[in-house]
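Peer 1: Structure in structure tokens, see below.
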Amino acid sequence: MFLKSFEHPNIPKFIDLKKTKLNYFIVTKYYNGGKLWKAFEKYKEKYGKPFSEEIIQHLMRQIISAFKIIHKKKFLYKTFTMDSILLNYETEEDKENFNLTNAQVILSDCSSTFIEIDRIMLMDSPSGPNDEELECLKITKATNIWFIGTMCYEMLIGKPAFDSEDMDELVKKVEEGSYSVPTKLSSEVVSFLNGMLQYEAQRRLTADQLSRHEFLTKNVKDFKPIDLQKVSKKVDEKGLNINSK
């Protein structure tokens with residue numbers, strides 16, 4: 001089974017495969033922190049704010065590290081959100097206090113949501129793919145990076161990067177590649193987000209490039225606030241409007 005080939009601290013550790021008359025059950029190591037989205041909601045409720053840059057850095061270092069090996073082994077995630085991530089804490093105290101900087105990130109549902117890049121290439125044949133395969137054909141490494149970017153934005157800002165009740169307006173926002181960030185953020189995290197939320201797929205950073213980005217490699221205490229002289233974009237009371245096109 002392919003999950004056996006992933007020896008990585010942020011990918012579920014395969015233990016066994018159990019078979020019944022009707023199903024197969026994959027047994028992995030137990031992780032005690034539950035889903036990231038639930039921790040995020042409870043954290044906001046308890047502290048009245050989304051995750052800090054320090055927490056985001058800690059989580060994203062692990063997520064990007066996992067995606068480096070996933071992409072290297074020619075696999076992709078079909079979809080990736082906070083619901084795709086489990087947490088694991090060393091102590092119950094860390095778990096109770098949502099001490100995310102001491103949490104281990106585990107990418108869940110790998111067996112059901114992974115797809116091989118080579119398989120996608122086989123789908124693109126003269127006979128044509130079925131509806132499910134058509135959806136898979138839209139997934140690329142750059143798509144995975146977009147998923148990560150939108151998730152990172154929401155954890156940091158507390159709301160989706162692109163949001164509207166009107167679908168046409170939502171599509172327009174995405175195509176324009178424009179989103180706002182509070183000016184209180186550091187230039188490092190703004191650059192990190194921009195590297196993932198580029199509308200043009202070829203302009204997005206790869207997992208390997210993101211792993212070497214200054215937001216993940218520098219000490220958070222050394223981060224600088226956004227330099228508005230270098231970012232010639234419109235600023236209003238909502239924050240800084242970034243055009244990623």
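Peer 1: Which far-off residues, 5 or more places away or on another chain, put their amide H under 5 Å from the one on residue 161, with H placed in the peptide plane?
Peer 2: 154
Peer 1: Carbon and sulfur: what percent of the stretch 149-206's accessible surface (1.4 Å probe)?
Peer 2: Values: 1260 of 2770 Å².
Taking all protein chains in place, the stretch 149-206 shows 46 percent carbon and sulfur surface.
Peer 1: Arranged from highest to lowest average of other beta-carbon atoms within 10 Å per residue, in what order do the peptides 178-186, 39-47, 146-154 appear?
Peer 2: Values: 178-186: 17.3, 39-47: 14.6, 146-154: 21.3.
Highest to lowest by the protection proxy: 146-154, 178-186, 39-47.
Peer 1: Residues with amide H under 5 Å of residue 178's amide H, sequence separation 5 or more or different chain, H placed in the peptide plane at 1.01 Å from N; which?
Peer 2: 244
Peer 1: Would you mind getting the accessible area per residue of the stretch 19-83, heavy atoms of the protein chains only, 1.4 Å probe, in Å²?
Peer 2: On a per-residue basis, 58 Å².
Peer 1: Continuing with the same structure: Would you pull out the residues with amide H under 5 Å of residue 34's amide H, same chain only if 5 or more places away, H placed 1.01 Å from N?
Peer 2: Close amide H contacts, sequence-distant or interchain: 87.
Peer 1: For the stretch 45-60, take each phi angle, set θ = phi - 60°, evaluate the Karplus expression 6.51 cos²θ - 1.76 cosθ + 1.60, and give the result in whole Hz per residue in order, putting x for glycine and proline.
Peer 2: Each residue's phi maps through the Karplus curve to give 5, 6, 9, x, 7, x, 5, 7, 4, 5, 5, 4, 4, 4, 5, 5 Hz.
Peer 1: With label points built 7 Å along Cα→Cβ from the Cα atoms of residue 176 and residue 7, find their separation and express it in nm.
Peer 2: Modelled inter-label distance: 5.1 nm.
Peer 1: With r defined as the distance between the Cβ atoms of residue 97 and residue 37 and R0 fixed at 22 Å, what FRET efficiency is calculated, to the nearest 0.05? Don't skip to the end; give the middle numbers.
Peer 2: On the way: r = 18 Å, r/R0 = 0.83.
About 0.75, to the nearest 0.05.
Peer 1: Further question: Going by average Cβ neighbours within 10 Å, how do the peptides 198-211, 52-65 rank, with the highest at the top?
Peer 2: Numbers: 198-211: 15.7, 52-65: 19.9.
Ranking the peptides 198-211, 52-65 by packing returns 52-65, 198-211.
The values are calculated or read from the model by the stated rules, or taken from the named source; none is laboratory data. Worth saying up front: this structure is predicted, and the values here are computed from it rather than measured. Virtual Cβ from ideal backbone geometry, glycine too; neighbours counted across all protein chains shown. The accessibility values were calculated without ligands, DNA or RNA, using every heavy atom of the protein model including side chains. Shrake-Rupley method; radii C 1.70, N 1.55, O 1.52, S 1.80 Å.
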